[in-house]
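Visitor: Structure provided below as structure tokens; questions to follow.
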Amino acid sequence: MGIADPELDVAVAAMVAEDARFVVIGGFSVIANRFVRATEDIDFLVPDSAENDRRVLAALRRLDGVRLRDDEPLQEEHLVDQIHLRAKTQAGVIDVMRGGLPPLDFETVEERAMPADYGGVEFLVASLSSIVGFKRLAGRARDRNDLIGLAEIHGELPDEPIPGLNED
Amino acid sequence: MAPGNEAEWAELGAEKRRALTPPPDTPIGELLRRGQHLSAQGAKLLRAVERADGHRRP
């Protein structure tokens, strides 16, 4: 299987069908905050929960997902007790990751997230404050570019302390 | 496209941003649809360039 284009509507439909708990982060969350740009993949933030991980894996299997690194069929140990899984699926490359310390932990990001209705499916997308935190923490060139684009649209961006970035 | 026109380019850039940024009341589903479509277009263009790479003009 080659790399498919990212199809968020297909990916979230599989996650919702498996009753998985998740928040859309990454490029599609930037887009949902009105900085419309292209993105190469789909990013899901998930809680620390083995039960939820099994639901996420079931969703990825619905999409014929395999681990991107080695094309291995998805196994429980690829996600349970792991901090990250990158899968190749029929809906494109999907990154599944855990939250960090507050305010970038799953619970806070979920609490602040915006409800979205896309393709007849309802789910959560990260809010501007969470995106800014993730982007400041990642600090890659494309993250800085996103922050510039978001600031052009929203004006001054939220600037709350991020552990690891704002320590004395 | 010559040095000294930076202010004009900045104004053109701002004009484009104003025209292309979706209004604040745009539904999130519509933003995601546009982003997904744009991503597919970008990927299609990239594949086309990669396919044509062997026929690139010097």
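Visitor: Return the average number of partner chain Cβ atoms within 10 angstrom of each residue Cβ along peptide A:34-42. Provide the component values of the computation, followed by the final result.
Guide: Working: counts 7, 4, 12, 5, 11, 6, 4, 1, 2.
Mean number of neighbouring Cβ atoms from other chains: 6.
Visitor: A further question follows. Can you tell me the FRET efficiency between B:Leu12 and A:Asp159 if r is taken as the Cβ-Cβ distance and R0 is 25 Å, rounded to the nearest 0.05?
Guide: Numbers: r = 30 Å, r/R0 = 1.19.
For R0 = 25 Å, the calculated efficiency reads 0.25.
Visitor: Each residue of the range B:5-17 in turn: what ³J(HN,Hα) in whole Hz from Karplus with 6.51, -1.76, 1.60 and θ = phi - 60°, glycine and Pro shown as x?
Guide: The phi angles translate into 9, 4, 5, 5, 5, 4, 5, 4, x, 5, 4, 5, 4 Hz.
Visitor: How would A:Thr89, B:Thr26 line up from fewest to most surrounding beta-carbon atoms within 10 angstrom? Please list the in-between numbers first.
Guide: Details: A:Thr89 26, B:Thr26 14.
Least crowded to most crowded, the residues run B:Thr26, A:Thr89.
Visitor: For the pair A:Val16 and A:Glu72, what calculated FRET efficiency results from E = 1/(1 + (r/R0)^6), where r is the Cβ-Cβ distance and R0 = 22 Å, to the nearest 0.05?
Guide: Between A:Glu72 and A:Val16 the formula returns 0.30.
Visitor: Sorted by packing (mean other beta-carbon atoms within 10 Å per residue), highest first, where do A:148-159, B:7-18 land?
Guide: Working: A:148-159: 13.3, B:7-18: 10.1.
With the highest mean Cβ count within 10 Å placed first, the list reads A:148-159, B:7-18.
Visitor: Just to confirm the number: angle between the C-alpha axis of helix A:8-17 and the first principal axis of chain A, 0 to 90 degrees, nearest 10?
Guide: Around 60 degrees separate the two axes.
Visitor: Next question, about the same structure. Using a ≥ b ≥ c from the Cα gyration tensor of the protein assembly as shown (square roots of the eigenvalues), is it rounded, prolate or oblate, where a/c under 1.5 gives rounded and otherwise the larger of a/b and b/c decides, a/b for prolate? Before the final figure, lay out the partial values.
Guide: On the way: a/c = 1.77, a/b = 1.25, b/c = 1.41.
Judged from the Cα gyration tensor, the protein assembly as shown comes out oblate (a/c at least 1.5, b/c at or above a/b).
Visitor: How large is log10 of I(q)/I(0) for the range A:8-128 at q = 0.11 Å⁻¹ when the intensity is taken from the Debye formula with one equal scatterer per alpha-carbon?
Guide: Log10 I(q)/I(0), no solvent term: -0.32.
Visitor: Kindly express, to the nearest 10 degrees and within the range 0 to 90, the angle between helix A:141-154's C-alpha long axis and the longest C-alpha principal axis of chain A.
Guide: Roughly 60 degrees, rounded to the nearest 10.
Visitor: Let me ask you something else. Calculate, for B:Lys44 and A:Asp117, the FRET efficiency according to 1/(1 + (r/R0)^6) with r their C-beta to C-beta distance and R0 41 Å; round to the nearest 0.05. Walk me through the intermediate numbers first.
Guide: Working: r = 27 Å, r/R0 = 0.65.
Plugging the Cβ-Cβ distance into 1/(1 + (r/R0)^6) gives 0.95.
Visitor: Starting from the Cα of B:Leu20, step 7 Å along the direction of its Cβ; do the same at A:Arg54; then give the gap between the two resulting points in nm.
Guide: About 4.7 nm, to one decimal.
Bear in mind these aren't lab numbers, they're just calculated from the coordinates by the rules spelled out. Small disclaimer: the values here were computed from a predicted structure and weren't measured. Cβ sites come from the backbone with ideal geometry, for glycine too, and all protein chains shown count toward neighbours.
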